[in-house]
Every structure is written in C-alpha cells, then in structure tokens.
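Visitor: Below is the structure I would like to discuss, written out as structure tokens.
The values are calculated or read from the model by the stated rules, or taken from the named source; none is laboratory data. The structure displayed is predicted, hence computed values, not measured ones. Note that each Cβ is placed from the backbone with ideal geometry, even for glycine, and that neighbours are counted across all protein chains shown. Remember, those area values only see protein heavy atoms, side chains included, never the ligands or the DNA or RNA. Shrake-Rupley method; radii C 1.70, N 1.55, O 1.52, S 1.80 Å.
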Amino acid sequence: MSDTAPSPSGTEPGSPRLSTDDVAKVAQLALLELSDDELNTFTGQLAAVLDLADELNQFDTDNVAPTAHPFGLFNVFREDVPVDEIEGGDRAAELRAEALAAGPDVEENQFKVPPALGEAP
Amino acid sequence: MSDRTSSPLPTAAALTTAVRSGERTAVSVAEEHLARIAAGDDEIHAFNTVMADQALAAAAAVDEKVAAGEDPGPLAGVPVALKDNMCTRGVATTCSSKILEDWVPPYDGAVVERLQAAGAVVMGKTNLDEFAMGSSTENSAFGPTLNPLDTSRVPGGSSGGSAAAVAAGFSAVSLGSDTGGSIRQPAALCGLVGVKPTYGAVSRYGLVAFASSLDQIGPFAHDVTDAAMVFDVIAGHDGRDSTSIPEQLPSMTEAVAASQAVGIDGLRVGIVTELSGRGLDAFEPEVVAAGAAAADALAAAGAKVDEVSIPTAVAGLSAYYMIAPAEASSNLARYDGVRYGLRQPGPNTASMMAASRTAGFGDEVKRRIMLGTYALSAGYYDAFYGKAQRIRTLMISEFDKVYEDFDVLISPTSPCVAFEFGAKADPLTMYYNDVCTIPANLTGHPAMSVPFGLGAHGMPVGVQIMAPAMQEADMFRTAAALETAAPALETQGASE
C-alpha cells in the first residue's frame, strides 16, 4: 500500500512546478513581504506541498461535480431587524462604540488609514 | 472502564454531581483547579489567559443557585477551558497570533454562552498553533505547550493547550476546534477522549474562522461520559451560524449509558484498509497494533467486524492541503490592520497592510496563505482547488456507500504517539500527522478519538471512531465499549 498512500518522503522540494518568481507574485497578492532567504525557503516548501496534488490525479474526476460544503446547504436568510428593536435602548450606538474601540486608529466614528493613493507627507 | 481510582483527577460527572448535591461548592472546585494552574502552568503553558476572577465569580453564582434550590445546570461547577480562537466578551482572544495579541472581542461565541448557561466555569483561554494551523502547538506565537504526560514531548495540535489543560488537571474538560484533526490528534497524544461532531452540529458563531467548510468545535474529556455531557450542552441549532443543522441530535449521555448497560451486540464495525497504517513506514508499529487490538476488542464485545476499502481515503491529505489553505487565504484576508488587530506604520494603505500582515503572521500561517492564494489563482484553480473539490465529492460518496453496510468505521487516530519538540520541523512531515483524521473533515462526518493502551515511550495511543453524518449516538456507543475494553493506563486517567 505504500505505493499509493501519501507519504512525506514521496515528494522532493524545489519542484519545477513553482519558481521564486511565482512565490514572489503570490506573496504580493497576499500582501506579505518576504526577504530573499524567506523567498527561497518558502518556494521549496510550497512546491513540496503542491506536489501532493499529483496524488489526486490517480482519480478520474471528469464527470464529478465539485463540493464546496459537505451537506450542500442553500442560502439561509433571516429578517433584518434593527438591534435597537431587539435589545432596546441605544444598543446600536453601544455596539458601534465597542467595534470602534478595537480600531488601531479611529476618528469621528470611522477607521482611519494612511492615504490610499500616494504617500503620507 | 480503565482503573481510574489511582489518579487524583475527578471526572466532570463526579464534580457536577458533588456540586449539585451540595457535597462540594463550585468555588472550592474552581479554587482547587486555579491552584493547580498556579503551580503547574508556568511549565506546561496550556493557557494564554487564565480567567481567575471570572471563574470564581461564575462558581459563586452556581453555589448561590444550589443554595436557593434552583437548577444550576447539567455542568454546574465543572471547570472548562476554551481554545483561544473562541470569542469571549471582554477577554482577549488571540488565536496565538501576534496579529490578534491585543484584540478583545465585544461578544461571546455560541459555545461560550451554552457552557455558561449550563453552569460550567470557564477557567481561561488555551494555547494553539497560530490560527489552528499545526499539529504540535509549536506554531504558537507565544511559545509551545508541553505534554503533561512527558514534558519533553508535544501535546499535539492545534488544540494542544486545551488537551494539556485537561491532562494536567487545570480544567475537567475543555473545548477545541478540529479542521483536519486538531481535537482528535491532541486527544490521542495526551490520553484523552476528543470529539469532532458532524459539521454543523455545533454552532461556529464566535469561532475565529480558519477553513470554514471544515472547522468544527468539540470537547476534550477524561472519559466518554464526560465528553458526551459536554457534547449534549454545546450541540444544537443556532440561527447565527448559517451552516448550523436544524435537526435535533439525541442525547449522547443516554447513548453512552445505554451502551454501558446493554453493550454493542450486532454493531457493524469496519476497519478502513487505507487508514489502518499497515505496511506504512510513517506509522509506528504499536499504533497499528492498537488499531487491530481495538477491532478485536469490539468483536469480543459482540460487534460484527469486517475490513473495508475506501480508495479515495488516501487522497484526503492531498485534497485537504489544497482546500484548507484556499479557504484560509480568503478568511485571513480580513487581517489588514484597519479595523482591529496589529497595525504597523506605512506611508500608504497598501504598505501599511503588508507591513502589518508581515509582522503579525508566523511562518506556517504565511505558508498556508500563499499556498491558498496560489491554488485559487487564475490558471491553477482547476488543477489544484477544483480537482480537490471533486475528490471531496468522490470521498463523500464512497464513505456514504460504505456506511450502508457499516454503522461505524475505525482506524488509528494518529500515525505516532506524542513526539519530541522539533522532531517534525519539515512542514510535510508535520502535515502527515493528520492523514487518518482529515477524511472526516472533508466528508463532514463525526469522528472521535478514544485512548487505547500505550505505545512507544509509554505514551498513550488513540483509536479513531468515525460515523455517518448525525449518527454520533452510534459513535459514542462504540467509544463507551472501547473504553470498557481498553487496557488500564498507569500514567494517566481520572477517578470517580
């Protein structure tokens, strides 16, 4: 059975499937900054994991539908009721204050960020 | 049941009986556990946060109800620990990540509400592999948790802190979350019972998301009865979780009692060939032997035991490492330094976000985010994520077909007993820990681990029981029978 089961020794790091350029692009998409050393290390490690996908190709899935959720749920809806009507008082304002309290930088009931375009002076 | 009279640790069932009858106060139970935490947790590091004041206040409230003659709840006075990815109002919820180190949730998770309503006393928040990504708790940003049975070894993970808390007597029971085995594997490595319920049986409202189609909350306990008591409290429909199952499950406490009373005569048990570990170097021989011995024990108890093949089970690990990182990369996109969590300065929004995420996430989390981003990216989606989703479909149909002929399936829980720190530094070697547990996450089916004897280095071995969706009662019945048949453990256990 050892020839069909996934094995940690059955893969080799540094697969040609993945280059450091690929990983640099993925890191940029994911908003992560990598040093050159990290880029090399991660590329080998990620390539080894991607090689696991070869295990999947022994199974024919041509006429198989994908599963995103184990029990195929449909949309679940509820009534949209203002929280003040449920809990009374000015609960909405309290919740807003609690949510804003977690913000690293808050001004006038809004989360504040550096400029989206250009750079801060 | 194994001999539990030699150990000083009481079960949750024994504790709540004593509290409800007035034989003991909940405050004295809480104080006793807080004293053990104070004496032992500097070394073990099961907890990120100990909630001493809140625990004593909750215990005092239970005692007031008992004194007033009111029902204090089915878990009255039972000390419970929560994995630190479950939201607790006013108490830091860190996911053992620097990016959430100072985050304090404004609300309680559904399981927290249910435990508190049942009279349980929350002792604190337990350590985990960062964002539940790992199998040893070595990936925590706040340092690893030690296995109380042998402190040179890991407790397993990702719910290692919750397992260690129970094994060390810091709490009688605890909750973990299980995305690929994160309850069952640490339960096996710490000699405990650990349960992953049917997907949707327990509300995920207030559980910080890792891989949303796989995550499920469940209990750790010293024995099957305690696990059933906690299960009965936390299971049930919740309108705030759109994946919550509306149907009501039967009482597992009653299923366990029935099994103990009338046995498992005629129960159909399948040994899954592909998960048995036979012929695989990565499986320790004692673990493979324990799986076979458990099957023999169930047959001796009256079960009808047969071997069965599930070919796609071998693809579980590979499919998981496409699907779980894909979902994680999407879920963890929310940590951007804008609304909560760590923010690092940057001259513009994009650089602030990148700096915050780079400083806030550890290496394993970065690996999975990048893996998922790649698997979902244009040109690769079909080959990786899409293919894995189709394998998931095949696996569900294969398991469903096998369950026409079997009530439950068994396998070892983990290929090995608790290993030493640093022994599995290579990510793929670490991932392989979950080879037996992952299929139940992909199918959504319930599964649990029960201690069954000792393996290498005198460390406990766990046997996994899997069952069809919503058929937890058969799983718990089997677990009770295995517990009765399990070899006595000298090194751990709990007493009545």
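Visitor: Residue check, B:Gly341 against (1) more than 23 Å from B:Arg392 (Cβ to Cβ); (2) free of Cβ contacts under 8 Å to residues at least 40 places away in the same chain; (3) under 26 Å from the mean Cα position of the chain (by Cα); (4) within 10 Å of chain A (Cβ to nearest Cβ), all met but one. Which one?
Guide: Against the list (1) more than 23 Å from B:Arg392 (Cβ to Cβ); (2) free of Cβ contacts under 8 Å to residues at least 40 places away in the same chain; (3) under 26 Å from the mean Cα position of the chain (by Cα); (4) within 10 Å of chain A (Cβ to nearest Cβ), B:Gly341 comes up short only on (2).
Visitor: Also, I was wondering about something else. If you go through the stretch B:426-481 one residue at a time, how many are within 11 Å of chain A (Cβ to nearest Cβ), among the small types (Gly, Ala, Ser) and more than 16 Å from the chain's Cα centre (by Cα)?
Guide: The number of residues fulfilling the criteria is 1.
Visitor: Right, next: From the list B:Ala326, B:Ala319, exactly one residue is touching a residue at least 24 places away in the same chain (Cβ under 8 Å), part of a helix (DSSP H, G or I), facing another protein chain (nearest Cβ under 10 Å) and open to solvent by less than 50 Å² (accessible area, probe 1.4 Å). Which is it?
Guide: B:Ala319
Visitor: Taking the condition out of contact with any Phe, Trp or Tyr (no Cβ under 9 Å at 6 or more places or on another chain), without any contact (Cβ under 8 Å) to a residue 60 or more places away in the chain and open to solvent by less than 30 Å² (accessible area, probe 1.4 Å), does B:Met370 pass?
Guide: no
Visitor: Please determine whether any residue of the stretch B:396-415 is crowded, with 24+ Cβ neighbours inside 10 Å, within 11 Å of another protein chain (Cβ to nearest Cβ) and either farther than 15 Å from B:Val272 by Cβ or not polar (S, T, N, Q) (or both).
Guide: Yes, the stretch B:396-415 contains a residue that is crowded, with 24+ Cβ neighbours inside 10 Å, within 11 Å of another protein chain (Cβ to nearest Cβ) and either farther than 15 Å from B:Val272 by Cβ or not polar (S, T, N, Q) (or both).
Residues are listed down the side, and each one gets a yes or a no for (1) touching a Cys at 6+ places or on another chain (Cβ under 8 Å); (2) modelled with pLDDT of 90 or more; (3) facing another protein chain (nearest Cβ under 7 Å):
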{"residue": "A:Asp3", "(1), (2), (3)": "no, no, no"}
{"residue": "A:Leu18", "(1), (2), (3)": "no, yes, no"}
{"residue": "A:Ala27", "(1), (2), (3)": "no, yes, yes"}
{"residue": "A:Glu33", "(1), (2), (3)": "no, yes, yes"}
{"residue": "A:Gly44", "(1), (2), (3)": "no, yes, no"}
{"residue": "A:Asp84", "(1), (2), (3)": "no, no, no"}
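Visitor: Could you go through the stretch A:98-120 and let me know if any residue there is out of contact with any Ser or Thr (no Cβ under 8 Å at 6 or more places or on another chain), more than 9 Å from chain B (Cβ to nearest Cβ) and within 22 Å of B:Leu376 (Cβ to Cβ).
Guide: no
Quick grid of which residues meet (1) among the basic types (Lys, Arg); (2) assigned to a loop (DSSP other than H, G, I, E, B); (3) in contact with a strand residue (DSSP E or B) (Cβ under 8 Å, 6 or more places away or on another chain):
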{"site": "B:Val122", "(1), (2), (3)": "no, no, yes"}
{"site": "B:Asn139", "(1), (2), (3)": "no, yes, no"}
{"site": "B:Phe142", "(1), (2), (3)": "no, yes, yes"}
{"site": "B:Asn147", "(1), (2), (3)": "no, yes, yes"}
{"site": "B:Thr151", "(1), (2), (3)": "no, yes, no"}
{"site": "B:Ala165", "(1), (2), (3)": "no, no, yes"}
{"site": "B:Phe170", "(1), (2), (3)": "no, yes, yes"}
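Visitor: Taking the stretch B:330-382 on its own, how many of its residues are under 26 Å from A:Pro115 (Cα atoms) and assigned to a loop (DSSP other than H, G, I, E, B)?
Guide: Final tally of qualifying residues: 15.
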